[in-house]
Amino acid sequence: MPTFRLITAALYGALLFAMPAGAATDSVRQLSLGGLPPGPEPSRQVILIIGDGMDDQQITAARNYLVGVSGRLLLDKMPLRSTAQVLTVSESDNPVPLFVSDSANTATSMATGELTSRGRLATRPGNDEDIPTIVEQAAAAGYRTGLVTTASVTDATPASFAAHISFRMCENPDMMTDIFFSGINLGNCRADMKENGGPGSISEQLAASPLDVILGGGAKHFRPMAEGSDTSVLKAARDAGFRVVRKRDALLAASNQQGRLLGLFSPSTMPVRWRGERGRKAEFPQTSFLHMFHPYLGSVTLPEPMACQRNPGFVEHLPSLKEMTEVALARLHNKKGFFLMIESASIDKQAHERKPCGSIGELEQLEEALASALAYARKHPNTLVLVTADHSQAAQIIPDQSLFARYPIPTYTPGKLARIRTPEGQVMAINYASTNFAYAEHTGANVPLFANREGRGRVPAYVTQPEIYNIMADYLQLDSGAKR
């Protein structure tokens, strides 16, 4: 028998003899497999990237414009792609399924693993009971936590991960009673006020949350006085240990520093990178006078094609989503691990306003943030990166020249249309026809779910949004049963 095998056999026997039977079993099993007794647990990280409203129509439009029809986005190169079913329920004690969701209930599903109704943040329909979120559970387990968004940090998607409230529009203490828009009473959150035993407005809850990093817009929601106090919500956040930064340079300088960080870089949603030339958005096709008398008469003139151009409001003192992501990753990195949610918010917000160039530029920002997340994951192998959307949106890519154009009748979309000149010299027609209201509406389709290699064996081909929570909680080894 070779010498090294004699030595191994002797060590094996010595371990069996010296250790208690129960303790010896696991250690010897590891030695027999060629390993060593376990050391400290490696850190574990979950990075969840949400493209708000990022369905396949939005991804296809961005691909066509950014890299061409034969190109590949970084999303296209992700090792795993599956489908996520978007679910919501009605607001009642006995909820029934609904088929079109909003960002509040869908983000709640991913943050808590439970279904709720539209407009609610981490609360149950009917009894208004709070649902613990993955941010709260991860923080309680010793993980660092962070939220990054191009929306206001008090907006529905980020807030669902760290706040509990019955109505998403209650973003600051001045918005808790009788919220009006154009003279219409939209609702209130009186039951959630501190004086009524509630947790307060969204900004107050974020200021008191266990989060380590909060980055995005929404400065105006931290200016009001905290309920029952003579100091602002921003002062309450500072008192809770947050360092506050307002400019890009200050954010980048904070990358290698320790402690809690609150970055508020715009009054509300951060400006988008791109817009249609001269600020154009989708427009109605124009029909001739004769068309008024019969749908087969007259002619139709489509909106003129437009290019996408840099938005002058996207100024140098504003950080990009990639820069916010990289600072958050640097601040959250530690021996235990972290949970980080990153939202590219204005894919959806620009689609509501029927502005496809804004949505495309925002999806480009998501791609850049994803590149930073994947670079981190390559250096730190125990990092699960998930990319998904909260819901689908109204934008549709339609033929620029109708399939029925040979018929001698005016043929055109009944919705608003944007015709975008792509870098390949073609015109991409994007249609918005979900409503006649000033803002386009969400739609009810499935959304994609992408994962890095760490998702293999964890992310099935089809999931519901609450199951995304389960995947993340299981990866972080959280006791998801404790939240019930």
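Within the stretch 70-168, which chymotrypsin sites (Phe, Trp or Tyr not before Pro) sit in a loop by DSSP and count at most 13 neighbouring Cβ atoms inside 10 Å? Here the sparse-neighbourhood loop sites are Phe99.
Please compute the contact order of the chain in relative form: average sequence separation of alpha-carbon pairs under 8 Å and at least six residues apart, divided by the residue count, as a percent. The value is 24 percent. Taking the longest Cα principal axis of the chain as reference, the axis of helix 465-475 is set at about 30 degrees.
Of the residues Leu261, His442, Ala282, the one whose Cα sits farthest toward the positive end of the charge dipole of the chain, with +1 on the Cβ of Lys and Arg and -1 on the Cβ of Asp and Glu, is Leu261.
Shape call for the stretch 327-371 from the C-alpha gyration tensor, a ≥ b ≥ c root eigenvalues: rounded (a/c under 1.5), prolate (a/b greater than b/c) or oblate? In terms of gyration-tensor shape, prolate. For volume of the Cα convex hull per residue in Å³, computed directly from the structure shown, the correct entry in [x] 172; [y] 147; [z] 205 is [z].
Using a probe of 1.4 Å on the protein chains alone, the accessible area found for Thr325 is around 0 Å².
Note on the chain: dipole from Cβ charges, positive end direction compared against Gly197, Ala328, Thr301; the farthest Cα belongs to Ala328.
Available extension along the chain between Asp474 and Arg421 is 14.6 nm, counting 0.36 nm per residue and deducting the alpha carbon span. Basic side chains Lys and Arg get +1 at the Cβ, acidic Asp and Glu get -1 at the Cβ, and with that the dipole of the stretch 218-321 about its Cα centre reaches some 340 debye.
Positive contributions from Lys and Arg (+1) and negative ones from Asp and Glu (-1), summed over other residues with Cβ under 12 Å from the Cβ of Thr177, come out at -4.
The C-alpha atoms of the chain define a longest principal axis, and helix 103-112 lies at about 10 degrees to it.
Checking every one of the trypsin sites (Lys or Arg not before Pro) in the stretch 59-147 against DSSP loop status and a limit of 10 other Cβ atoms within 10 Å picks out Arg72.
When you work out D = kT/(6 pi eta Rh) for the stretch 281-374 at 37 °C and 0.692 mPa s, using the Kirkwood radius from C-alpha pairs as Rh and the Stokes-Einstein form, the result is 195 µm²/s.
Rounded to whole numbers, the Karplus 3J(HN,Hα) couplings from phi for the stretch 349-360 are 5, 6, 5, 4, 8, 6, 10, x, 5, x, 5, 5 Hz, using 6.51 cos²θ - 1.76 cosθ + 1.60 with θ = phi - 60°, and x at Gly and Pro.
Based on C-alpha pairs under 8 angstrom that are at least 6 apart in sequence, the stretch 362-482 has a relative contact order of 29 percent. Note on Arg81 and Ala253: the model spin-label points, each 7 Å out from Cα along the C-beta direction, lie 4.3 nm apart.
Only protein atoms count toward the accessible area here, which uses a 1.4 Å probe; on the stretch 246-335, the carbon and sulfur part of that area reaches 56 percent.
With the charge dipole of the stretch 117-189 set up from +1 on Lys and Arg Cβ and -1 on Asp and Glu Cβ about the Cα centre, the Cα lying farthest toward the positive end among the listed residues Thr150, Phe181, Leu121 is that of Thr150.
For a Förster distance of 25 Å, can you work out the FRET efficiency between the beta-carbons of Phe437 and Ser288, rounded to the nearest 0.05? For R0 = 25 Å, the calculated efficiency reads 0.40. Computed over neighbours whose Cβ is under 9 Å from that of Gly53, the net charge equals -3, Lys and Arg +1, Asp and Glu -1.
Helix 21-32 and the long axis of the chain differ in direction by around 70°, with both axes built from C-alpha atoms. Sparse packing (at most 14 other Cβ atoms within 10 Å of the Cβ) combined with a DSSP loop state is found for the following chymotrypsin sites (Phe, Trp or Tyr not before Pro) in the stretch 265-367: Phe293, Tyr296.
Taking 7 Å steps out from each Cα toward its Cβ at Asp56 and Ser90 produces label points 3.1 nm apart.
Listed cross-link partners Lys77/Lys247; Lys194/Lys247; Lys77/Lys281; Lys335/Lys379; Lys77/Lys335 are compared with a 22 Å cut-off, the Cα-Cα value being larger for Lys77/Lys247; Lys194/Lys247; Lys77/Lys281; Lys77/Lys335. Short-range pairs are left out: with C-alpha atoms under 8 Å and at least six residues apart, the relative contact order of the stretch 86-177 is 26 percent. The solvent-accessible area of Glu467, taken with every protein chain present and a 1.4 Å probe, is close to 80 Å².
The values are calculated or read from the model by the stated rules, or taken from the named source; none is laboratory data. As the structure is a computational prediction, the values presented were derived from the model and not from experiment. Neighbour counts run over all protein chains shown; Cβ positions are idealised from the backbone, glycine included. Please note that ligands, DNA and RNA were not included when accessible areas were found on the heavy atoms of the full protein model with its side chains. Shrake-Rupley method; radii C 1.70, N 1.55, O 1.52, S 1.80 Å.
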